[in-house]
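> Next up is a structure, given as structure tokens.
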Amino acid sequence: MDLKEEFSFLHKLGLSVAVFGKHLKKSYRSPGELILFIIITRLVGDELCYQDTLPEGEHSGRVWRATKNFSDLITLNRKFLLGQIPETPYHRGQIDKETIPLVPGLLKLHDFGLFTIGSQLYDHEVDKNGNELREWQQKPCVSFIVSGKDVSYLEFFKKLKERADIVVAAQELCPFRIVDGSHGLHNVTRVRTADNNKDLEIAQWKCYGSVCSNNDRSFLVSKYFPAMGQGKPVFFDVAVSEWGFQLDVLDVIEEVVSGLDRPLMF
């Protein structure tokens, strides 16, 4: 049973699975041993199991829990993106090579108080593995946390939703609450296979990654970032709405956040 079949089985049991890992695309496209970071929750949001296959290092645990406020966390995350610290609680190891082109845009978002926690570029590739053709497609997307200790994040949320070229979901983390108007589950990575080009064009796509699940992510605060709790953190997912659209979603977010009447506080 492959990963997708295993996750489908868990979903039928009323469970939800979140998977993180270095260059997750490899887990489908190439054989070999991979280390994945998996969180399994009930679909209603209660945390059941946290599995971490890597030991906790100084830069993936103690340093982050010792921070005093949201601003300290922003500073640490900037250092991670710049390669000055080797890992974070949400990514055990240095940033992936495919993330490097996004770093300037991610750093700009940190200037506005957005703590980025995941992102991906546009990608569309067709390759061959033995006799099988595989087509892989990604939509640009980013996940981040902002301080919600004033109401400015609601203005930010509404302005993002005004754009038809992106989808947006947000959830308050302390306590957990899905923000009204949040988008539902949205696929951002898909793959299809066939024996030849003609069959590939009509082959059925399989979802291989999604955002806007609205699963409870409050564990991020309680387990890793307690300093966020005092800032009433809000988790955002933002993704391009349509397949094949090479929109720079980081530029879109920067444009919206820079135009707010009141700045996001951190």
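> Would you please put 125-134, 240-249, 88-97 in order of how densely packed they are, using the mean number of other Cβ atoms within 10 angstrom per residue and starting with the highest?
Going from most to least packed, we get 88-97, 240-249, 125-134.
> Are there GluC sites (Glu not before Pro) in region 155-200 that DSSP marks as loop and that have at most 14 other Cβ atoms within 10 Å, and which are they?
Glu162
> Please list Arg78, Arg217 in order of solvent-accessible area, largest first, computed with a 1.4 Å probe with all protein chains present.
Descending accessible area places them as Arg78, Arg217.
> Considering the options Phe176, Ala239, Gly259, tell which one lies farthest towards the positive end of the dipole of region 143-266, charges being +1 on Lys and Arg and -1 on Asp and Glu at the Cβ, about the Cα centre.
Phe176
The values are calculated or read from the model by the stated rules, or taken from the named source; none is laboratory data. Since we're looking at a predicted model, the values are computed, not measured. Positions of Cβ are generated from backbone atoms using ideal geometry, with glycine treated the same way; all protein chains shown enter the neighbour counts. These accessible areas exclude ligands, DNA and RNA; they are computed on the full protein's heavy atoms, side chains included. Shrake-Rupley method; radii C 1.70, N 1.55, O 1.52, S 1.80 Å.
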